[in-house]
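To start, the structure itself, in structure tokens.
The values are calculated or read from the model by the stated rules, or taken from the named source; none is laboratory data. Predicted model, so just to flag it, every value in this text is computed and none were measured. Methodologically, a virtual Cβ is constructed for each residue, glycine included, from the backbone with ideal geometry; neighbour enumeration extends over all protein chains shown. With ligands, DNA and RNA removed, areas are computed over all heavy atoms of the protein, side chains included. Shrake-Rupley method; radii C 1.70, N 1.55, O 1.52, S 1.80 Å.
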Amino acid sequence: MIDNIVWLRSDLRVRDNPALSSAMEQGPTACVYLLAQKTWSQHHWAPYKAAFLLRVLESLAEQLAKLGVPLQVIDAPHFDDATDHLLQFSREIGAKKLFFNREYPLDEKVRDEKVHNALEKNGVACELHDSFLVFPPDSILKDDGSPYSVFTPFKRKWLARAEGENLRSLPYPQRQQSIVLDTEIPGEILSTKASFGQNLWPGNHKHADDLLETFLNRKIDHYHNERDFPAADGTSKLSPYLSLGVISPRECLEKAQTLQRANSINSNEGIETWVSELIWRDFYTHVLAQNSRISRGKAFKAETDKIEWNVNEEWFERWAKGETGFPIVDAGMRQLNTTGWMHNRLRMITSQFLTKHLFIDWRRGEKYFLSHLVDGEFAANNGGWQWSASTGTDAVPYFRMFNPLRQSERFDPDGTFIREQIPDLIDANPKFFANSAAQHDLVSSYPPPMINLKEERERTLKRWKRFNQTLS
Ligand SMILES: Cc1cc2nc3c(=O)[nH]c(=O)nc-3n(C[C@H](O)[C@H](O)[C@H](O)COP(=O)(O)OP(=O)(O)OC[C@H]3O[C@@H](n4cnc5c(N)ncnc54)[C@H](O)[C@@H]3O)c2cc1C
């Protein structure tokens, strides 16, 4: 007899999974995962992400089996199919209760509400939990109960809460008497084989644990100094694992806090800076959950939806392929295209180049990133793009534009990272990276700069000024 179903989504783990723990405490449990390939295509899932998911599911099925819990993987191509499949599955196994951890983008919320209503109507109770963030949306609010739209006060409140509460990951669930169902995880979805990218992004849970341990033991102390240098390997690279919930953000925080308490000699700046990034992750998801217009492709600053962006396919293509002639921009785009991941500093540089110097709509870049990133996550991606484009919460002011040549000098001073990504530039000297226009004839196989930075900067400033005048 199976009493409970856990519907797994972006919480693909056994440790610190509130829905799973609660279900197992209440009775014999089975897990289900719905493959929503049609909706994921509409949501621009990247091949790297699709393949990574299949590997994670394999690893999760093994972990669940050790607890005696089966994992049923069902083809349910569209989010609208979820209700029927979950009802049918609950009838097949005779389960009376469905457990799941909330997801916050609009389509997911609408789907979940439909499922919730339909299952309860049909005698299957639903129990909802939160697992994707350290603190769920609406739990960090201003004193007057309204949501934050600026990061710094949000962070202050978040930290006060984290210090006040003794945050503990949930204990490992107790093994149940084994239940076996026919589990079959497909070898391919979205026309992508499960093996695609497996050397770069192993899907097993042990790998995520190892990444976290290595980061905490060896890198976090220098994180504040090294995180901006793409050649340094100074960040955790946990983003794909956090985005599918392979590892828990609460567990990340708990371990960082434990280290902080034990760290009586060294400075805690690295730990504090890293925790700040986990807070950005919470912040952008809160903003998304509280503003449904964002899920509909609208800007956070509603008035900026009236901006008339440049439409220039050739420019967009050159940016996407990493052929702009600005080495640091091209190195970032080539890292994305060949690995499914891009260093945060480069995400900022490439997104600013597209939205500021090329003045192309941030939504085009947002979509391109989602369709290539292994860690593609709506809230963080949208937040990052709107930050760069000056249309979002806490966005950079419109007149602040990263100059890609100065960024290159500061964050890849000897061009180590650029050379790794662009073989044509393997012998170029650092002066080239700081002024590729003047020295272009030195490397003829690499494209010349596609724009005059100064002219495009001026043009963008004028457009913004004109736009702002239309508002007054
Ligand atoms: C234009 C743009 C698009 C982005 N798109 C995504 C995306 O689709 N998915 C994604 O996970 N992150 C995105 N980010 C945020 C950030 O670039 C990545 O989270 C980070 O590079 C992942 O590397 P890491 O795991 O080594 O991060 P670390 O530096 O080790 O940080 C730890 C974790 O904190 C979170 N985090 C770090 N920085 C941010 C941030 N600025 N906003 C929100 N969360 C953050 C991530 O979960 C990350 O794994 C984007 C940033 C920009 C500027």
Computed helical MRE - 222 nm, the chain, DSSP H runs ≥ 4 contributing -39500 (n - 2.57), nearest 500: -14500 deg cm²/dmol
Could you pull out every one of the lysines with an alpha carbon less than 16 Å from that of Lys109, ignoring same-chain neighbours closer than 8 positions? none
Which of the chymotrypsin sites (Phe, Trp or Tyr not before Pro) across the stretch 354-450 are loop residues per DSSP, with 13 or fewer other Cβ within 10 Å? Phe399
From the cross-link list Lys298/Lys465; Lys142/Lys301; Lys356/Lys454; Lys66/Lys193, the entries with a Cα-Cα span beyond 23 Å are Lys66/Lys193
If you roll a 1.4 angstrom probe over the protein chains with everything in place, what fraction of the accessible area of the stretch 326-398 belongs to carbon and sulfur, to the nearest %? 57 percent
Can you list the aspartates and glutamates whose alpha carbon is less than 17 Å from that of Lys114, not counting same-chain residues fewer than 8 positions off? Asp80, Asp81, Asp84, Glu103, Glu127
Partners for Lys255 among lysines (Cα-Cα distance below 20 Å; same-chain residues under 8 apart left out): Lys155, Lys206, Lys219, Lys237
May I ask you to derive the relative contact order of the chain, considering only C-alpha pairs under 8 Å and at least 6 residues apart, and to give it as an integer percent? 18 percent
Determine the order of Ser90, Ser195 by accessible area, beginning with the largest, at a probe radius of 1.4 Å. Ser195, Ser90
Low-density loop positions, GluC sites (Glu not before Pro), the stretch 261-332 - DSSP coil, at most 13 other Cβ in 10 Å: Glu308
Accessible area per residue, Å², the stretch 302-471 with all protein chains present, probe 1.4 Å: 42 Å²
Between the stretch 301-347 and the stretch 16-48, the Cα center-to-center distance that results, in Å: 32 Å
Quick one: accessible surface of Leu259, probe radius 1.4 Å, all protein chains present, in square angstrom to the nearest 10. 50 Å²
